[in-house]
Amino acid sequence: MKKFIIFVWFALVVFVPVKSFAHCEVPCGIYDDEMRIHMIKEDILTIEKSINAINELSNAKEKTPLVYNQLVRWIDNKDEHARKIQHVVWQYFLTQRVKPVDKSDSKKYKTYLKKLELLHKLSFYAMKVKQSTDLKYVDKLREILDEFEEVYFGKEHMHKHEHEH
């Protein structure tokens, strides 16, 4: 019986796939906030491309099995990238990077609340793109991400970064 239990444990460890996450919650100090922002920008661009393809395929005169297949794939792609945005917002920024601030420092606390508001909006509009094919939600995601990036990094960082490109 003991050998059987060891065998089952070994089989589970070796053969059962484990889903990995974008970043751990170990305080490793390895963070790349700019990369995460860039990843969200790519997700937004992918969502936009997916919505355009969905709208184009939906208007196809002839609804063939291939059209339906492609529609499903683009819808799945759009939803997956919206989930990725939500994951980075919640697992990376809210859980690890945006730390609570004492109310007594009113300036820092106001900035903290603004970051929370913008992250919530990013998550909300990521949900809206899953529910819709309206490009206005893509525009909202871009607008809010730009605002979050400026609040998160500060205006000085943003202007310095603009001059590098």
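Coordinate-derived values only; no laboratory data. In this text the structure is predicted, and so the values were computed from the model without any measurement. Positions of Cβ are backbone-derived with ideal geometry, glycine not excepted, and every protein chain shown enters the neighbour counts.
With θ set to phi - 60°, apply the Karplus curve 6.51 cos²θ - 1.76 cosθ + 1.60 along segment 70-79 and write out the HN-Hα couplings as whole Hz, x wherever there is a Gly or Pro.
5, 4, 4, 5, 5, 5, 4, 4, 4, 5
Cα to Cα, under 15 Å, and not fewer than 8 places away if on the same chain: which aspartates and glutamates meet these conditions relative to Lys136?
Glu48
So what are the ³J(HN,Hα) numbers for segment 99-114, from phi and the Karplus equation (6.51, -1.76, 1.60; θ = phi - 60°), rounded to whole Hz, Gly and Pro as x?
Result, rounded to whole Hz: 9, x, 10, 5, 4, 5, 9, 4, 5, 5, 5, 4, 5, 4, 5, 5.
Net charge near Lys108: determine it from the other residues with C-beta under 12 Å of the C-beta of Lys108, scoring Lys and Arg +1 and Asp and Glu -1.
Net local charge, Lys108 excluded: +4.
Modelled label-to-label distance, Lys107 and Glu156, 7 Å Cα→beta-carbon offset: nm?
Distance between label points: 1.1 nm.
How big is the convex hull of the Cα atoms of segment 35-154, per residue, in Å³?
Dividing the Cα hull volume of segment 35-154 by its residue count gives 83 Å³.
What length, rounded to one decimal in nm, is gained on full extension from Lys61 through to Asp146, with 0.36 nm per residue of separation minus their alpha-carbon distance?
Residue separation times 0.36 nm, minus the Cα-Cα distance, leaves 26.8 nm.
Based on the mean of other beta carbon atoms within 10 Å per residue, what is the order of 64-72, 123-131, most packed first?
Values: 64-72: 12.2, 123-131: 18.9.
In decreasing order of mean packing, 64-72, 123-131 become 123-131, 64-72.
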